[in-house]
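One structure is given here, and the rest of the page talks about it.
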């Protein structure tokens, strides 16, 4: 029986620059034998520089049935894939890749996870969102907002095409009742960092979301909660996107 399982085992993984913070391996390792009931492995593949992506896609990826993609490669990976799913193409970022007969197909399940996570909190008559950050995760969040008919504004510390953090004042926060951090600021181990916004202007009418899940209560969320805001971390989003990735890998 052990030999048969080894032969039929499925192999998956995660690529990113630094992966010690990631929940994916522990999540899938726990779910393979219980919920999924299949012999499978899940490994982390740290790629310190984007130059390693091409080699990974041409070699190690061919030994996997699929893999997840995290910071900072959700956009860069697209250049090395054979097929891009329409949703991922519209978003401009990929977080899930499926390998079939040497063909790598990119998908985005982040937007589904975010949309599903946020929907129960949409209690106001109208919503408008501030999206902090302009990386791959922010694009999935923006796509989900469009599906939910929520207008949004990007905030960037580097990209001059968008508002800067200096533009975010009390008036801006009074007209945006959803604030979403898509940056790694506050992620373990740098837990004393947070986006620079006027937290004193946040109140009970705000829903504040941090895509970070480690720690579960970031400084960003803690400061917003102190002002009475409803706060949500990224754990549920991560679980939902992982389930969707699994469905894609087995489809």
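Computed from the coordinates by the stated procedures, all read-outs in this text should not be read as laboratory data. Treat the numbers as computed from the prediction; the structure is a model and nothing was measured. Heads up, the Cβs are rebuilt from the backbone with ideal geometry, glycines too, and the neighbour counts pull from every protein chain shown.
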Q: Classify the chain as rounded, prolate or oblate, taking a ≥ b ≥ c as the square roots of the eigenvalues of its Cα gyration tensor: rounded when a/c is under 1.5, otherwise prolate if a/b is larger than b/c and oblate if not.
A: prolate
Q | Cα-based helix-to-principal-axis angle, 136-147 vs the chain, degrees rounded to 10 | A | 70 degrees
Q | Backbone N under 18 Å from the residue 170 label point (7 Å along Cα→Cβ), restricted to segment 191-210 | A | 197-206
Q. Relative to the present Cα-Cα distance, how much length would full extension add between residue 205 and residue 30 at 0.36 nm per residue of separation?
A. 59.2 nm
Q: Please identify, among 117, 62, 78, the residue showing maximal mean-square fluctuation in a Gaussian network model of the chain using a 10 angstrom Cα cutoff.
A: 62
Q) Cα axis of helix 235-250 to longest principal axis of the chain: angle in degrees, 0 to 90, nearest 10? A) 30 degrees
Q: Compute the convex hull volume of the Cα atoms of segment 111-237, divide it by the residue count, and report the result per residue in Å³ as a whole number.
A: 96 Å³
Q) Could you work out the helix-only [θ] at 222 nm for the chain, with each DSSP H run of four or more residues adding -39,500 (n - 2.57) and the total divided by the number of residues, to the nearest 500 deg cm²/dmol? A) -8500 deg cm²/dmol
Q. What Kirkwood hydrodynamic radius, in Å, does segment 2-108 give when the mean of 1/r is taken over all pairs of distinct Cα atoms and then inverted?
A. 14.2 Å
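Let me know the shape class of segment 121-184, please: from the alpha-carbon gyration tensor, a ≥ b ≥ c as square roots of the eigenvalues, rounded when a/c is under 1.5, otherwise prolate if a/b is greater than b/c, or oblate.
The shape class here is oblate.
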(Q) Calculate the FRET efficiency for residue 90 and residue 250 from the Cβ-Cβ distance with a Förster distance of 30 Å, rounded to the nearest 0.05. (A) 0.80
Q) In what sequence, highest mean first, do 35-47, 234-246 appear when ranked by Cβ atoms within 10 angstrom? A) 234-246, 35-47
Q) At what distance in nm do the modelled label points of residue 159 and residue 76 sit from each other, each positioned 7 Å from its Cα along Cα→Cβ? A) 1.7 nm
Q. What is the antiparallel percent of DSSP beta bridges lying wholly in the chain, to the nearest 5?
A. 20 percent
Q: Kindly identify segment 201-251 as rounded, prolate or oblate by the Cα gyration tensor criterion: order the square roots of the eigenvalues as a ≥ b ≥ c, call it rounded if a/c is under 1.5, otherwise compare a/b with b/c, prolate if a/b is larger, else oblate.
A: prolate
Q: Run the quick spin-label model on residue 62 and residue 23: label points 7 Å from Cα toward the beta carbon, then report their separation in nm to one decimal.
A: 3.5 nm
**Q.** Ordering of 63-75, 21-33 by burial proxy (mean other Cβ atoms within 10 Å per residue, highest first)
**A.** 63-75, 21-33
